[in-house]
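Before any comments, here is the structure.
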């Protein structure tokens with residue numbers, strides 16, 4: 001038998017079903033047909049299909065099965081029918097339906113209306129986080145306490161950098177490398193353990209910060225054996241050097257740091273001589289920030305990533321009061337304000353409520369509001385009812401708080417009206433500077449006081465309520481300190497006198513005593529609050545009473561050269577030429593001087609009487625009309641003749657459009673709102689006690705205490721007189737003012753500008 005190699009056989013391409021094949025099983029080699037081979041491959045060995053290989057009976061079986069399944073599904077007509085049935089149910093208002101469907105409609109006519117109502121209810125029930133979107137090279141998100149940021153940056157032909165920098169530049173994750181620094185749970189802070197041998201630790205910031213001004217925020221606590229005195233605060237510079245910020249670190253909550261080099265870390269080093277092995281310093285809520293006005297703790301947030309050229313960047317990130325920037329081209333930041341939760345909404349509503357229901361008095365010149373303690377909540381009457389009665393009175397309110405009305409009874413030379421404000425908590429006034437009393441008193445009451453005695457204030461350390469108190473600091477406010485109406489009278493604590501052994505750090509109550517006479521029977525006054533360490537922007541109002549020729553060729557040029565405006569208070573007492581009126585208008589309209597009203601003319605004496613409202617109204621109205629006709633209709637400032645503004649005059653002046661008035665008083669203005677009306681004035685003249693030395697001392701006083709001073713004179717002449725200043729004293733005062741203005745310690749305004757700055761929100 002000859003042998004033929006398979007590889008030597010001819011190659012056949014068109015294979016038919018009856019063509020033979022050689023197959024080999026476990027026993028020997030046999031022949032078969034191609035058709036039988038197909039059957040074996042497909043399991044189609046009973047009734048082979050006549051179709052080609054890929055259309056076997058098994059495939060047909062699958063097709064048939066799919067057809068059967070499709071036959072069992074609803075038809076299009078079935079779907080349309082069901083759709084119509086649902087629509088009929090949803091939109092139906094009838095009762096002949098399924099009872100459960102009818103009940104599901106609830107109070108609605110149809111199920112559709114019920115579904116729409118439910119969707120609206122859900123939208124009203126849940127408030128979505130506010131979302132903002134901004135585009136630019138720099139996107140400021142510092143108004144958002146916490147936000148989920150989606151940062152998108154389009155393609156650019158060069159590599160760019162995306163940076164996210166949060167308000168807090170300190171990362172607890174940066175603390176590594178020493179067992180002496182322990183991270184507190186929940187990344188709340190650090191606990192540092194000192195020894196004599198190991199007493200200096202770098203507290204790494206997490207990144208390099210450029211030179212500039214920073215603030216270290218921290219809540220410090222320490223072990224009982226820790227001595228804080230003599231500690232130092234240092235920063236580690238990126239060049240390896242160390243800079244001492246302060247060698248007398250006070251462990252306050254906020255510490256200012258000024259650096260001339262880039263920095264990477266800071267360190268707090270106790271006095272080596274006081275270190276005890278094992279003593280600890282705990283630091284919580286640590287922040288390192290460029291913002292010196294942060295009022296709460298913000299977690300560290302920082303991101304810096306490179307975007308390759310011609311690529312698109314998309315990143316989500318949680319940032320805390322952060323700045324997002326790109327080195328070139330623009331980016332888009334979508335910020336979801338996740339800090340806007342229910343508590344924040346409640347806080348904002350309470351703030352709105354406080355403004356609308358119990359509005360705070362507003363003064364735009366207040367730099368530090370201080371601490372208010374209101375009398376109506378904690379006042380006790382210590383005097384017999386025959387001497388005085390006290391009670392809450394909502395007709396005289398400040399900051400939405402009623403005042404305490406003191407009704408003065410029959411005069412008793414052996415006893416005086418007295419009452420006590422029990423403080424809601426012990427006050428430590430050791431480091432405080434001033435105390436203000438906010439009260440309402442009519443002129444016909446205050447003028448009955450003596451020059452030295454009027455209202456006595458006693459700051460007592462006594463445990464029990466007693467009047468007179470035993471251990472107290474005291475101050476007497478005499479009649480010369482009061483103006484008509486609301487007064488906010490400020491006293492420096494260092495000017496209080498001492499009785500017994502009081503303690504500034506332990507003030508438990510404030511006692512008051514009113515010095516009365518037979519003329520005060522049946523009178524009343526109101527005290528609203530005492531205020532600790534309130535401060536107003538130091539301000540001077542310069543005024544002239546009347547028109548004088550030298551105002552054009554001397555007073556104005558000299559003041560204008562110092563950028564100090566003035567207010568002229570005048571009436572129609574003088575007959576003025578057209579040329580004079582033109583010059584006055586020039587001062588007002590082009591130089592910024594204010595024209596205001598001085599009492600009335602003639603018979604200005606009627607303004608210091610208490611029973612003539614018609615006469616006062618007519619007299620002032622006529623003077624105002626003269627100013628309207630000749631100068632301006634914008635008259636809001638008034639000067640009381642003889643410096644005496646009466647209770648009867650205040651509502652008349654307000655009716656005529658006046659907003660502010662000056663009157664004589666040995667005090668200053670320390671708060672002015674739309675509820676206030678009169679401010680004290682101080683004369684610069686040749687009279688004893690009214691020269692340049694006295695006025696300069698008052699300027700120093702208002703800078704120290706944060707108040708407003710009104711300086712006025714009639715004319716400025718070579719020799720002056722009782723109501724006019726000498727040129728020497730005038731120039732001395734103006735030059736003194738100018739120096740403080742240039743130093744930024746004081747500002748000079750007209751009366752109308754003062755009123756606008758105080759009352760415009």
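Here are the numbers:
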| item | result |
| --- | --- |
| Cα-based shape type of region 513-658, given that a ≥ b ≥ c are square roots of the gyration tensor eigenvalues and the cut on a/c is 1.5 | oblate |
| Packing-based exposure ordering (other Cβ within 10 Å, fewest first) of 32, 488 | 32, 488 |
| Distance histogram for region 172-289 (every C-alpha pair counted, 10 angstrom bins, percent rounded to whole numbers) | 13, 48, 35, 4 |
| Between region 118-193 and region 479-538, the Cα center-to-center distance that results, in Å | 50 |
| Prolate/oblate/rounded label for region 407-493 (Cα gyration tensor, a/c 1.5) | oblate |
| DSSP bridge orientation in the chain - percent antiparallel, rounded to nearest 5 | 80 |
| Centroid-to-centroid separation of region 594-646 and region 554-569 [C-alpha atoms, Å] | 24 |
| Estimated inter-spin distance, residue 495 and residue 277, nm [label 7 Å along Cα→Cβ] | 5.9 |
| R0 of 25 Å, Cβ-Cβ distance residue 305-residue 184: FRET efficiency to nearest 0.05 | 0.25 |
| Gain on full stretching of the segment that runs from residue 743 to residue 589 - 0.36 nm per residue minus C-alpha separation | 52.6 nm |
| Cα shape, region 433-546, gyration tensor, a/c 1.5 rule | oblate |
| With Cα atoms, 0 to 90° folded angle of helix 727-742 axis to the chain main axis | 10 |
| Additional length obtainable on full extension of the chain from residue 242 to residue 30, 0.36 nm per residue less Cα span | 66.7 nm |
| Gain upon complete extension [residue 119, residue 575; 0.36 nm per residue less C-alpha separation] | 156.4 nm |
| Cα long-axis angle, helix 111-125 against the chain (0 to 90 degrees, to the nearest 10) | 50 |
| Distance (nanometres) between label positions extended 7 Å along Cα→Cβ at residue 735 and residue 291 | 4.7 |
| Helix 342-356 axis, angle to the chain major axis (alpha carbon atoms, nearest 10°) | 30 |
| Peptide ranges 261-272, 153-164 listed from the most packed, as the mean C-beta count within 10 angstrom indicates | 261-272, 153-164 |
| Calculated FRET efficiency for the pair residue 611/residue 452, C-beta based, R₀ 25 Å, to 0.05 | 0.25 |
| Protection-proxy order for peptides 329-342, 676-689, each taking the mean of Cβ atoms within 10 Å per residue, highest first | 676-689, 329-342 |
| Distance in nm between pseudo-label sites at residue 347 and residue 110 (7 Å out along the Cβ direction from Cα) | 4.7 |
| Beta bridge orientation in region 539-759: antiparallel %, DSSP, nearest 5 | 5 |
| Mean-position separation - Cα centroids, region 691-761 and region 419-455, in angstrom | 27 |
| Of every Cα-Cα pair in the chain, the percent that sits beyond 46 Å | 54 |
| Two-site FRET efficiency, residue 85 against residue 65, from Cβ-Cβ distance with R₀ of 25 Å, rounded to 0.05 | 0.20 |
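Read the figures in this text as sums done on the coordinates, not as results from a lab. The model shown is predicted, which means the values in this text are computed figures rather than measured ones. We place every Cβ from the backbone using ideal geometry, glycine too, and count neighbours over all the protein chains shown.
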